[in-house]
Amino acid sequence: MKAIWNNEIIAESSDTLVIEGNHYFPQNSVNYDYFSSSERTSECPWKGSANYYNLEVAGEKNPNAAWYYPNPKNAAKEITGYIAFWKGVQIVKN
């Protein structure tokens, strides 16, 4: 699977996890050149607290377009070390 935003591949992996319709990419498959930390957080009742990243590609910014769970609850331990996308990031098959 590939995560694409603003015509750039920002993540690519054959080892994504699909949770609630979202592809979670392993951290080692992500191109961190396009990422910066965000102050945003959110809470999921069964996954726990999520942190966010902003994306920037070719001068275009997409705030809070990626999220991850640094310490997920036990029910979601499998997504430790994985990142998911939204806000216009396309997920396509290789």
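For the criterion of being among the small types (G, A, S) and surrounded by 11 or more Cβ atoms within 10 Å (Cβ to Cβ), A66 passes. Across the range 7-39, the qualifying residues are those that are in contact with a Phe, Trp or Tyr (Cβ under 9 Å, 6 or more places away or on another chain) and part of a loop (DSSP other than H, G, I, E, B), and the one among them that is surrounded by the most Cβ atoms within 10 Å (Cβ to Cβ) is T16. Among residues of the range 64-82 that are under 17 Å from P45 (Cβ atoms) and among the polar types (S, T, N, Q), those with a Cβ under 8 angstrom from a residue that is at pLDDT 95 or above and part of a loop (DSSP other than H, G, I, E, B), sequence gap 6+ or separate chain, pair up as N71/T80.
Let's see how each residue does on (1) in contact (Cβ under 8 Å) with a residue 60 or more places away in the chain; (2) in contact with a Gly (Cβ under 8 Å, 6 or more places away or on another chain):
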residue	(1), (2)
S14	yes, no
Y24	yes, no
Q27	no, yes
E56	no, no
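The values are calculated or read from the model by the stated rules, or taken from the named source; none is laboratory data. All figures in this text were calculated on a predicted structure; none of them were measured in a lab. FYI the Cβ positions are ideal-geometry reconstructions off the backbone, even for glycines, and counts take in every protein chain you see.
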